[in-house]
Amino acid sequence: MPDLVDKIVIVDDKSKDRTVAIVEELAATNPKIVLIQHEENQGVGGAIASGYKWARDNDLDAAVVMAGDAQMDPADLPNLLDPVFDEGIDYSKGNRLIWRGSYRLIPKRRFFGNSVLSLLTKIASGYWHVADSQTGYTVANKAVLQTLDWDNMYKRYGQPNDVLIKLNIDNFRVRDVPIRPVYGVGEVSGIKIRRVIFTISNVLVRGFLNRLWEKYIVRDFHPLIFFYTLGVLMLLLSAFMFLRVIGLWAVEGSAPPMSSMAMLFAFSTAMQSIFFAMWFDMDSNKHLR
């Protein structure tokens, strides 16, 4: 761990190995080490939240998340800290996808899954300039630590996505920093890509709707709400008309041309409205880079 680190807070999430014994042995000779023990397993998000709350309650200037799987290189830490302390960025995060040659270093399935979730997270969070949403290598400044409600944070693998959405609601500046992907170091990930994608997608949908409500209706109204609403309604209408046209073809062997044209009109209107809403959202958040 770099010498610039003042405290090393280790969260034991009700592990079944010798983590506690080893940490207590190290803490006896290293005053920087702080051990937090969970009485029951809370998941990776719960462990991170406990660390954040400790940093908040002890008035630290910033808190860094560095997972215990050895996939986060401590040598990258200064680059993550620089935007926070030198440029006034509120939250910096590692981005493995933009590291030179990352495609050759990251397992192909994880690269693809991460890219898909990153795209969905851009839409849900409003941070269109960030990617690699699943990285846990992050730095949060004091304002973030004191503002976000860590007790109501999602506590499983979707925690980084949930944090980004909540950061956007409070207009915090977020910056991506290229970091070197580290794989094949001995740790075997327990993440099941297909299951996690659906689980995190649920987090993103709920978070997206909450962000629209909080940021663009409750705190300050924005017309993009009209575009998203119209887009969704027209998309549902086009889906209904599509099923109707398919049904007519199956029963009668043909469908009225006007029905097909109306379906295409509804679909094109839906897409245009949604894309306009996304553009409005991107423009509204461009100052949060």
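Sequence neighbours fewer than 8 away in the same chain don't count; with that in mind, list the lysines whose C-alpha is under 25 Å from K108.
K108 reaches K93, K122, K192.
Show me the helices of the chain, taken as full DSSP H stretches, that run 20 Å or more along their long axis by Cα and average 1.6 or above in Kyte-Doolittle hydropathy.
Membrane-span-like by this criterion, though nothing is claimed about a membrane: 224-252.
Using a cut-off of under 19 Å, list every residue of segment 103-139 whose amide N is near the label point 7 Å from the Cα of Y183 along the Cα-to-beta-carbon line.
Inside the label zone: 103-119, 131-137.
On a full-extension model of 0.36 nm per residue, what is the gain between D220 and L264, subtracting their alpha-carbon distance, rounded to one decimal in nm?
Length difference between fully extended and current span is 12.4 nm.
Once the piece of chain linking L248 and D151 is laid out straight, how much longer is it, given 0.36 nm per residue of separation minus the C-alpha distance between them?
29.6 nm
Stretch N30-L119 to full length: gain in nm at 0.36 nm per residue minus the Cα-Cα span?
Values: separation 89, 0.36 × 89 = 32.04 nm, distance 4.19 nm.
Roughly 27.8 nm would be gained on extension.
Please work out the FRET efficiency for the pair A75 and F198, using the Cβ-Cβ distance as r and a Förster radius of 35 Å; give the result to the nearest 0.05.
Numbers: r = 35 Å, r/R0 = 1.00.
Taking R0 as 35 Å, the efficiency between A75 and F198 is 0.50.
Whole Å is fine, so just give me how far the alpha carbon centre of segment 143-171 lies from that of segment 24-62.
Between the Cα centre of segment 143-171 and that of segment 24-62, the gap is 18 Å.
Could you pull out the pairs from K14/K166; K16/K166; K14/K155; K142/K215; K215/K286 whose alpha carbons sit more than 25 Å apart here?
Over 25 Å Cα-Cα: K14/K166; K16/K166.
Any read-out appearing in this document is the output of simple, stated calculations on the displayed coordinates, not a laboratory observation. What you see is a predicted model; the values in this text were computed from it and never measured. Methodologically, a virtual Cβ is constructed for each residue, glycine included, from the backbone with ideal geometry; neighbour enumeration extends over all protein chains shown.
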